[in-house]
Each structure stands twice: as structure tokens, then as C-alpha cells.
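The values are calculated or read from the model by the stated rules, or taken from the named source; none is laboratory data. Predicted model, so just to flag it, every value in this text is computed and none were measured. Note: ideal-geometry Cβ built from the backbone for every residue, glycine included; neighbour counts use all protein chains shown.
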Amino acid sequence: MSETTATALIVAAGRGARAGAGGPKQYRPLAGSAVIAHTLAAFLRHPRIDAVRVVIHRDDRDLYAEAIGALAGQDKLLAPVIGGAERQDSVRLGLESLHDPAPGRVLIHDAARPFVPADVIDRVIDGLDHADGAIAALPVFDTIKKADGADHPCIADTVPRDRLWRAQTPQGFAFAAIRKAHAAAAGRAMTDDAAVAEAAGLNVRLVAGSPDNMKITQAEDFGMAETLLGRRAVAYEYRSGHGYDVHQFEPGEAAILCGVAIPHDRKLKGHSDADAGMHALTDAILGAIGEGDIGDHFPPSDPQWKGAPSRIFLEKARDLVSARGGAIVNCDVTLICEAPRIGPHRAAMRGALAEILLVDLDRVSVKATTSEKLGFTGRDEGLAAIATATVRLPGEA
């Protein structure tokens, strides 16, 4: 039976000297976030990526911690490991760190490729059903000239291009095979992980990459990256959804709201943990993408969801947006109750939602109000939540 998921190994230990001044390129800002934050978000929100490990330079611990921001709390994101002197050493050390348990498959990706599309990740994973390895690549269309090696080179030959491809990352492999191959290749400089696999006799398949999957290498590439982001923004469409949920109180010690347990003399009654805030927000996101409601995906009649944490539901909605190549732009939750008091816990709630949704904190709002003693909330019989969410999906360019 084929595996459908993989672990991602992000290589971020390089110095990036060709990218000019400003520190290692992977930590430099791009549209308000570090380059590496864009890269990590692409893999963390992908539903077929089980875990992500980053290989960093020993001098970059503080840079890394600052760059990843709200992503640090993601369950999928493993603690970083220290790389080696060369990229090949860093990959080998990263592979050696993946154990207990070791993954079946691993995707190796350069931190300086922040725009990897979700469908490219899918194609690499699917390619592993048919080969020991699979890499994203693009066919070469330009005419290729071989130089004579002089200081002022002249053309020595024209290279046939009909079988030439430009390798990208991610490059995916059966984990045990690529780990063994890297161990055998230690001390022998090779240009990428596919070359390491080839040297070990592994068969590696080419799958379609993307022109958008550019690697930031030189200083001028940052300008191209900003242009690409601008072009993508023009090609997006924006949709909004609305969610509403209500739960009554029952005896207990804490009410769970937006992922935070608030001490109270009662709890919210429900099949799951009854987090009305997360339920309303989940429905808002599902509504924005036309995917029904929370009950369609997690029926309350199904015993497996009894007592389940509501973050499971919200993660599912997030992953459905990601699977369409989209992203969550912002969300707003309003809690309606007489008690418990929400104000002291708003910051923690916003942080919990931002961490699950893989968005910056300023894209999440949590508010509270009372119903002026009117209705069931006014009688303190229960609590209601209203949520709106805006998502960005690929549209017509």
C-alpha cells in the first residue's frame, strides 16, 4: 500500500553570500515576513505533510526564532537541528535527526524557495509511488551553449536540449534509501540530493515543477520575488464566510473558548469540547469555500469525535483552504455571554487561533459582548459565538 504523506526537511543553513548584504537570505524580509516563514507556511499548511524539520546554521538560532514568529507553536514543526559546512552535510545531518519514528518518505526543500505551490508538493509525493525518488523540475526551452573555457569565452558547442531539465526542490525520496545514500556520499561533493540518489543507484522520477517556484539566489531576485507576489495578488479572488454556534452551560470547572480553558463554575455542553468560538470560526471558513458546515465533516453522531478538541475541526478547514492553493486572510470572532469574563483571555485566544491557522496575530480578532440580560445568553443559560472569515483563493489571472 502506498504512503500518501511525507516529512519535509527544509535546508536553511547556508550563508547566501551571493544575495548581497543584509544577512542570510532566508531570514531577510519579503512582503512583511521572512523568506523562510513563507517557505515553512507552504509545508505546514499542506495536508499531506506530517512534520517539518529545519536545518539551520549554528549562529542563526536567534534569527530563526524571530523569523518564524507565530509558526513556532505548530505541532507539525519540529525543533530545528544544526547543519554542517556544506549543504550536503546539512541534509545528511537533518536526515539523521529524523528518527523515533523515522518517516517513510521525506521531501527535501531549499528554504530560499518560498513560493512552492501545493500541487508541486502533491506531484512529488505522488511520484514516489513509482520510483525511489521524485523531484520537481522544468524542461529547458532555451538554446544551451557550451563555452570554450577562455577568459573571454566563445561558443565551443551547442548542447541538445530535448532531454534537459532544470532541477528544483522539493526533492522527495523513500527515507531509508536516501539516508543510506547520503551516508555513503559523505565527503563527495554533489550538486543536489537527486545526484546523491543517482550515485547510490536509486531511480529518480521527474515531475512537473513550477516557474513560480523560484530560488532566491542574488540580490536582484528579491525584486523579482516581490513582483511575483504582486502578480499572484492580482490573480486571487477573495471570499467571506459566516459562522454561528451556541452551547448551553452544564456543571464543570472551565469553559473552553477559542482554544483557551477559562476557569468558571460551569463548562459548555457538547459532543466535542464544545468550543463555540472555534466551531463558529470553522463554519465561517467552510462557508467561504463552499464546503458545507462542521457537521458535514465531523458528524456529532460519530463517537470518535466525543470530547475531541475543536482545533481538529479548525485545522481541517484550514487544510481545505490550503488544498485549493488558498490562504486565510483574516478572521473575527465575537463571543456573546454574561460570563465568564473574556477580556483577560483575549490575547491567549488570538494567539491560539493564529497558531492553528498559520497566520500573523494581527489577522485574528476576538471580541466579546453581552446581550443586556436578554434571551438565553442574558439569563446565563449558555453562550453564543459569531464568526466571519475571509479567504484568498486562486482566481482568473
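Structure values in brief
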| quantity | calculated |
| --- | --- |
| Residue within segment 184-199 that is buried (at least 20 other Cβ atoms within 10 Å of the Cβ) and not small (G, A, S) present | yes |
| Of all residues in segment 271-297 being over 11 Å from D245 (Cβ atoms) and of a type in the set (A, V, I, L, M), the one that is surrounded by the most Cβ atoms within 10 Å (Cβ to Cβ) | I285 |
| Single unsatisfied condition, D126 versus (1) part of a loop (DSSP other than H, G, I, E, B); (2) at pLDDT 90 or above | (1) |
| Segment 300-339, residues that are more than 21 Å from V260 (Cβ to Cβ) and under 27 Å from the mean Cα position of the chain (by Cα) | Q304, D319, L320, V321, S322, A323, R324, G325, G326, A327, V329 |
| Failed item in (1) outside any helix (DSSP H, G or I); (2) out of contact with any strand residue (DSSP E or B) (no Cβ under 8 Å at 6 or more places or on another chain); (3) small (G, A, S), with G230 passing the rest | (1) |
| Residue that is assigned by TED's automatic domain parsing to the domain that holds L93, within 19 Å of P117 (Cβ to Cβ) and at pLDDT 95 or above, where the choices are I56, I10 | I10 |
| Residue check, S365 within 22 Å of the chain's Cα centre (by Cα) and at pLDDT 95 or above | yes |
| Criterion violated by R205 - all others in (1) closer than 16 Å to H130 by Cα; (2) basic (K, R); (3) surrounded by fewer than 17 Cβ atoms within 10 Å (Cβ to Cβ) satisfied | (3) |
| Matching residues in segment 366-379 - criterion: being touching a Lys or Arg at 6+ places or on another chain (Cβ under 9 Å) and either touching a residue at least 60 places away in the same chain (Cβ under 8 Å) or on the phi > 0 side of the Ramachandran plot (or both) | V366, K373 |
| Where A274 falls short, out of the listed (1) closer than 21 Å to P303 by Cα; (2) assigned to a helix (DSSP H, G or I); (3) among the hydrophobic types (A, V, I, L, M, F, W, C) | (2) |
| Top-ranked residue in segment 43-89 [being small (G, A, S) and out of contact with any Ser or Thr (no Cβ under 6 Å at 6 or more places or on another chain); ranked as surrounded by the most Cβ atoms within 10 Å (Cβ to Cβ)] | A67 |
| Sole exception among (1) closer than 24 Å to G241 by Cα; (2) in contact with a Phe, Trp or Tyr (Cβ under 9 Å, 6 or more places away or on another chain); (3) among the aliphatic types (A, V, I, L, M); (4) at pLDDT below 95 for L268, by number | (1) |
| In segment 59-77, the residues that are modelled with pLDDT under 90 and in contact with a strand residue (DSSP E or B) (Cβ under 7 Å, 6 or more places away or on another chain) | L71 |
| Strands (runs of 3 or more DSSP E) contained in segment 129-224 and holding at least 2 residues charged (D, E, K, R) and in the same structural domain as F43 (by TED's automatic domain parsing) | 144-147 |
| Scan of segment 18-76 for residues that are over 14 Å from the mean Cα position of the chain (by Cα) and assigned to a helix (DSSP H, G or I), ordered by number | R18, A19, K25, Q26, Y27, R61, D62, L63, Y64, A65, E66, A67 |
| Given (1) at pLDDT 95 or above; (2) within 18 Å of D212 (Cα to Cα); (3) buried (at least 18 other Cβ atoms within 10 Å of the Cβ), number of the condition P103 does not satisfy | (2) |
